[in-house]
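Undergrad: After the structure tokens below, expect a handful of questions from me.
Read the figures in this text as sums done on the coordinates, not as results from a lab. Treat the numbers as computed from the prediction; the structure is a model and nothing was measured. No Cβ is skipped: glycine too gets one built from the backbone with ideal geometry, and neighbour counts run over all protein chains shown.
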Amino acid sequence: MEQRIGPSIQPLQGAAADPAFVPGITGPRPDEPQEPAPAPAPGPAPETAVAGEEAAAAEESAHKAAPEAEEPPADGPVFEAADRRARIVADARGVRLSLDEEACEFRWDEIGAVETETARFGRRFTVTVHTPDRRWYPIEIEAPARARFKEWESQLDAVLDAYFEDGTGEDTP
């Protein structure tokens, strides 16, 4: 009968010991200082190149000067709930979810369903946005009090009634 001498536990290999082992997962990149662009070489430049550069510079400065114009808010209902980490806004433009630094936005035509759920115990209010391609995006908001759940439900229902078309027409039998 053979008997091994040493530990009977095999060493861990791959992702169990080193997260960098998993292909496709990379760590955050350190902030790298950006080097200034090299200065153009001295000498006469052709007139067409100078005019083209000036036009490109003027166009770029015009884009930087004019901030991205957002649609004016509609006169309809708006639902907004937030806590220290998460935020949800539903209005005429659609539904926007954000958690910490991550954010996503859904237009009304991209939404298949919106589901709400309240925690049995505690103060978590969960809103889940379902898309037609069978994906879902939940977000939890911690309410200041459980009494806010009914208020949030009614505000969200008003927004959904005003803007969301679920595809079931009343005129079809």
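Undergrad: Hey, any hits in region 159-168 for a residue that's of a type in the set (Gly, Ala, Ser) and either over 20 Å from the mean Cα position of the chain (by Cα) or closer than 23 Å to ASP75 by Cα (or both)?
TA: yes
Undergrad: Being in contact with a strand residue (DSSP E or B) (Cβ under 8 Å, 6 or more places away or on another chain) and part of a loop (DSSP other than H, G, I, E, B) is the filter here; which residues of region 125-137 pass it?
TA: Answer for region 125-137, where residues must be in contact with a strand residue (DSSP E or B) (Cβ under 8 Å, 6 or more places away or on another chain) and part of a loop (DSSP other than H, G, I, E, B): just THR131.
Undergrad: I'd like the full set of residues that are exposed (fewer than 15 other Cβ atoms within 10 Å of the Cβ) and touching a strand residue (DSSP E or B) at 6+ places or on another chain (Cβ under 6 Å), limited to region 138-152.
TA: Passing the criteria: only PRO138.
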